[in-house]
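Only the coordinates and a few stated rules stand behind these numbers; no lab work does. Everything quoted here is computed from the prediction, not taken from an experiment. Here Cβ is always computed from backbone atoms with ideal geometry, including for glycine, and neighbour counts include all displayed protein chains.
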Amino acid sequence: MLALSGFATWTNVDGGSPKALLRLSTDSVVDASDRQHDAYLFRGGPVSPDYEWVVTFERFRADVEAARTSGKFIVLPNHFEYLAGGDVIRFVPGRKAVRVLFRASANANYFLTTERCNHYCLMCSQPPKDVDDGWLADEICEAIPLLPTATPFLGITGGEPTIIGEPFFRILSKARDHLPNTPVHILSNGRSFSDTAFARRYAQIGHGALSVGIPLYAADPEIHDYVVQSKGAFDETIAGIMNLKSLGQEVEIRVVVHKQTYKGLTELSEFIFRNLTFVDHVTFMGLEITGFTRANMDSLWIDPYDYRSELRNAVRYLAAARMNVSVYNHQLCVLDGSIHALAKQSISDWKNEYVAECEGCTKKDECGGFFASSKIARSAHISPFLS
Amino acid sequence: MTKFSPLSEFQATGDGHYQLAPFRFSPLDNERYVITNQAGEYSVQPRSVVAALVRHELKPSDSAYSRLRSKHFLFDSSSTIGPVMLATKVRTKAKRLANFTALHIMVMSLRCEHSCPYCQVSRQSEDRSAFDMTKETAEKALGLIFQSPSPAIKIEFQGGEPLLNFDLIRFVVEKAESINEVEKRSLQFVITTNLAVVTNQIFEYCKEHDILISTSLDGPAKLHNANRPRPGKNSYELAIEGIHRARAALGHERVSALMTTTKASLGMGREIIDEYVRMHFPGIFLRPLSPYGFAVKTKWYASYDTESWVDFYFDGLEYIIELNRRGTPFIEFYASTILTKMLTPFEPDYVDLMSPAGIGISAVVYNYDGDVYASDEARMLAEMGDKSFRLGNVHRNTYAEIFTSDALLDPIEQSFAGSAPMCSECAFEPFCGSEPVFHKATQDDFVGLKTRSSFCYRNMAIFKRLIGLMEEDPSIRELFMGWTR
Ligand code: SF4
Ligand code: SF4
């Protein structure tokens, strides 16, 4: 698992100066207009004097000091060496804190817009905090223009991204203007869109490739409300989905499968087809053991092997109904063979791992693998495909 | 540390405080009932659950409760969005009505060189051109066709044998195409032919103009030739050869075939199906005889009863399921239409299974002489002397006169199953049709007494069997889901 945050040391930087968003570059020249944001990623060799910032790793500290005597250096711990040109980091001099905001080579980059949320889901991986984090949206707006125009995908997540209101639309407008060809996927509980004016405002952004991933956990409103720990959530979420689709917006329904939801999968898939046929994608996700999930292990954890037939039935049903359906975050060997073709490798690359049992497995290339967090609990039925 | 509330805090209080949504119920067998909601979703429940449900005695802790709630059979305080969702579903089902007529059947000629005793048309012998449609009539019909609000227009050429008046087909196709240059609708043509008089030039033409071919195939040679006499006694050979040639010229999937069940077919269901499999058709429509035309005159219609046909149908269905299990994908199309109604939010366009009736709304027929009929069956009935469903004539009436005529609106209104005796309380009504033409033909009444209706008997038996099969075996349900459109 990659470390995305840590502490760095600096030279020639005023400890009181404001945080900096830096785009790493390996080019020898830098555009004058970008000097404030472009940093030379040093791994030996000469350094172009054009750069105001140089970023390197402990291993190269002596080299960089020899190569350049003035200018701002940031020296990162060696485990950041995966960083490459095009990546964007945030550096807060006073706290010496570094955070990787964007990796050009990642299969998916997600921006966290807020830690606040109007849900309190049993399995939240990013437990909500009631803090004033309005600066996050500003930072995202600042970062978006630094991203390569060929960025293949951008994720917007939270907390609940929509509850920040106007800044949410500002982020999307930035993406529309700077990355017009990059699909943007928003993870939202959908409730804000039950307000028709809000949904309309969203549709008016006019981004060509926006989509919202909205969790729906059960056809039974009580179970859904229980899982997200908020009464009335089911109704507003459904209304949100219907509003978005009536405005022609792209919607994906995401179902996290765990002990509270697996029994209702058949019913849920039928409910989705009969009532929400018009959604663009339905995905079934495996449980990631972080955040609240750890606190609620007893009520959430079930070996995916034990719900394989429920999952299979729901997935096959939707596929037969010719809906676009996928399985995310699951190991192939615990899924019924008839749905292997619909299982996607979806775990963010920096979290994805395999285990000792996977040795020699012939399907490793197609397998979703494991969340790094799966050490705490994982299926007892991992068994390699051997040919 | 974090505080989570237990499930009980999100649950409705219970105690019968639920509202019943409109629903219907019918027995499936001695123990179980089928209940359906307005959007055609069904659930099979034991008698005791249905009884408790209507008495407001069903407890939230009963296992059926949550299921019935999520299918919108009942509403309670846990959610207020149910009625909105149900309304959306009902609207989706009714959406087709807005498009009005999409299928336009033009009878090119009543002449035919076959003399099938079960013919549902009253065909004329070959040489009498008095039974051909004229150019003037065709032109007027086209004028009406393009007044339909439907964004998709399908023109089907029928007969007799329409190819005996091929010049007129060409005229209509080209004229329609030129009108469509302005109209820009989705335009499609079908020729229904027995393929006995088809030439390579005709195939050439069909290819050029993207015309589909629909033919008759009753089963293996012996059966087909016995059913369909023609001078050379080679109807089967000509049909098979024609199918091969048509596929080679037009593409495999542009050629379809229809069978009609005669008395001789009854014992041969599996062989008939095998014939379709052998000919690489994706499925078969197991179709009973209809009470019109020669079929009635020759008493072929009366030669078997509905019960025997239903047995034939179920045996065929069972065999088709078996074929699928053995890895040959194959569909029974009548079941497919019904399953689409049962298992999807959509409404397939099939005239016989619609309420309000599909006559005029889904399909309309322009007869060779310019008379406009509410459906194919309606013009067959007219050939027998009952012109109840004659809506007007292309030479004398306007679009508005034809499509708002009493001859169309009266039977549609009277036969509407939602309010017809028996149907209004039948759980299968959302899957069923109203068939005023059939009931007029058999009972001289647009509605008909359902206890004496073979239409009702046949369909009710099929609805129950399809649901029964799905309840019995989830893998059949999955297969059937794949049959829906
Ligand atoms: S053995 Fe490992 S790599 Fe193979 S399918 Fe199972 S989890 Fe995936
Ligand atoms: S015709 Fe028979 S099966 Fe159909 S709705 Fe009426 S009563 Fe029911």
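So for chain B, Kirkwood radius off the Cα pairs, Stokes-Einstein at 25 °C and 0.890 mPa s: how many µm² s⁻¹? Reported coefficient: 101 µm²/s. If a spin label sat at a point 7 angstrom from the Cα of A:T277 along the line to its beta carbon, the backbone N atoms of the range B:421-439 nearer than 15 Å would be those of B:431.
When the Cα positions of B:N200, B:G267, B:A239 are compared along the charge dipole of the range B:164-279, B:G267 comes out farthest toward the positive end, with charges on each C-beta of Lys, Arg, Asp and Glu. Dividing the radius of gyration of the alpha carbons in the protein assembly as shown by their Kirkwood radius gives 1.06 for Rg/Rh. Stokes-Einstein, applied to the Kirkwood radius of chain A over Cα pairs at a viscosity of 1.567 mPa s and 4 °C, places its translational diffusion at 57 µm² s⁻¹. Couplings 3J(HN,Hα) for the range B:109-118, derived from phi with the Karplus relation 6.51 cos²θ - 1.76 cosθ + 1.60 (θ = phi - 60°), are 6, 8, 6, 7, 8, 8, 9, 5, x, 9 Hz, where x marks Gly and Pro. Backbone geometry of the range A:163-172 corresponds, through the Karplus equation with coefficients 6.51, -1.76 and 1.60 at θ = phi - 60°, to 3J(HN,Hα) couplings of 6, 7, x, 3, x, 4, 5, 5, 4, 5 Hz, x marking Gly and Pro. Full extension of the chain between B:A12 and B:K207 yields a length gain of 63.9 nm, computed as 0.36 nm times the residue separation minus the alpha carbon distance.
Cβ distances below 4.7 Å define possible disulfide partners, and in chain B the cysteines left without one are B:C112, B:C206, B:C423, B:C426, B:C432, B:C456.
A simple charge model with +1 on the Cβ of Lys and Arg, -1 on the Cβ of Asp and Glu and nothing else charged puts the dipole of chain B at about 540 debye relative to its Cα centre. Look at B:Y313, A:Y307, A:Y120 and count the other Cβ atoms within 10 Å of each Cβ; fewest to most, that gives A:Y120, A:Y307, B:Y313. Sequentially through the range B:368-381, phi angles give Karplus couplings (6.51, -1.76, 1.60; θ = phi - 60°) of 3, 8, x, 5, 9, 10, 6, 6, 4, 5, 5, 6, 5, 4 Hz, Gly and Pro residues having no value and appearing as x. DSSP finds beta bridges in chain B, and of those with both partners inside it, around 40 percent are antiparallel. Across chain B, C-alpha contacts under 8 Å between residues 6 or more apart give a mean separation that, scaled by the residue count, equals a relative contact order of 16 percent.
With the Kirkwood sum run over all distinct C-alpha pairs, the range A:176-325 has a hydrodynamic radius of 16.1 Å. For the range B:233-383, taking Cα atoms only, Rg and Dmax work out to 17.1, 50 Å respectively.
The magnitude of the dipole of the range A:1-93, with charges of +1 and -1 set on the Cβ of Lys/Arg and Asp/Glu and taken from the Cα centre, is near 220 debye. If one takes the longest principal axis of the Cα atoms in chain B, at what angle in degrees, from 0 to 90 and to the nearest 10, does the Cα axis of helix B:269-278 lie? Tilt relative to chain B: about 70 degrees. Packing around the peptides B:242-249, A:216-223, taken as the average count of other Cβ atoms within 10 Å per residue, puts them in this order, highest first: A:216-223, B:242-249.
Need one word for the range B:230-270: rounded, prolate or oblate. Basis is the Cα gyration tensor (sqrt eigenvalues a ≥ b ≥ c); a/c below 1.5 gives rounded, then a/b vs b/c decides. It is oblate, given that a/c is not under 1.5 and a/b is not larger than b/c. Modelled this way, with points 7 Å down the Cα-to-C-beta line, the labels at A:A150 and B:M384 are 7.3 nm from one another.
Rg and Dmax of the range A:127-255, both derived from C-alpha coordinates alone, stand at 14.8, 44 Å. Please give the residues of the range A:192-225, grouped as numeric ranges, whose backbone N is less than 20 Å from a label point set 7 Å along the Cα-to-Cβ vector of A:A108. In the range A:192-225, the label zone of A:A108 (backbone N under 20 Å from the point 7 Å along Cα→Cβ) covers A:208-218. Orientation-averaged projection of the range B:130-221 equals 7.0 nm² [convex hull of Cα atoms, one quarter of hull surface area].
Only DSSP H runs of four or more residues enter the estimate; each adds -39500 (n - 2.57), and after division by the residues of the protein assembly as shown the mean residue ellipticity at 222 nm equals -10000 deg cm²/dmol. For peptide B:72-80, the mean count of partner chain Cβ atoms within 10 Å of a residue's Cβ comes to 3. Calculated FRET efficiency, A:A66 to A:E142, Cβ-Cβ distance, R0 = 41 Å: about 0.80 to the nearest 0.05. Using the beta-carbon distance between A:D298 and A:Y354 and R0 = 25 Å, what value does 1/(1 + (r/R0)^6) give for FRET efficiency, to the nearest 0.05? Given R0 = 25 Å and the Cβ-Cβ separation, E is 0.40.
In a simple Cβ point-charge model (Lys, Arg +1; Asp, Glu -1; nothing else charged), the range B:60-155 has a dipole of about 540 debye relative to its Cα centre. Residue order for A:R61, B:R326, B:R228, fewest other beta carbons within 10 angstrom first, comes to B:R326, A:R61, B:R228.
Which one, B:L187, B:F389, A:F111, projects farthest toward the positive side of the charge dipole computed for the protein assembly as shown from Cβ point charges (K/R +1, D/E -1)? The residue sitting farthest along the positive end of the dipole is A:F111. Note on A:K174: lysines with a C-alpha under 21 Å away, same-chain residues under 8 apart excluded, are A:K19. For the peptide B:470-481, the mean number of other protein chain Cβ atoms found within 10 angstrom of a residue's Cβ is 2.
Taken residue by residue and averaged, Cβ atoms of other chains lying within 10 Å of the Cβ of A:219-232 number 6.
Which log10 I(q)/I(0) values, to two decimals, does the range A:159-227 give at q = 0.20 Å⁻¹ under the Debye formula with one point per Cα? Listed by q, the Debye log ratios stand at -0.85. Taking the fewest neighbouring Cβ atoms within 10 Å as the starting point, the ordered list for B:R458, B:R396 is B:R396, B:R458. With the charge dipole of the range B:1-111 set up from +1 on Lys and Arg Cβ and -1 on Asp and Glu Cβ about the Cα centre, the Cα lying farthest toward the positive end among the listed residues B:L7, B:F75, B:A87 is that of B:A87.
Applying a threshold of 23 Å to the alpha-carbon distances of A:K96/B:K3; B:K71/B:K93; B:K184/B:K207; B:K222/B:K440; A:K344/B:K341 flags A:K96/B:K3; B:K222/B:K440; A:K344/B:K341 as lying beyond it.
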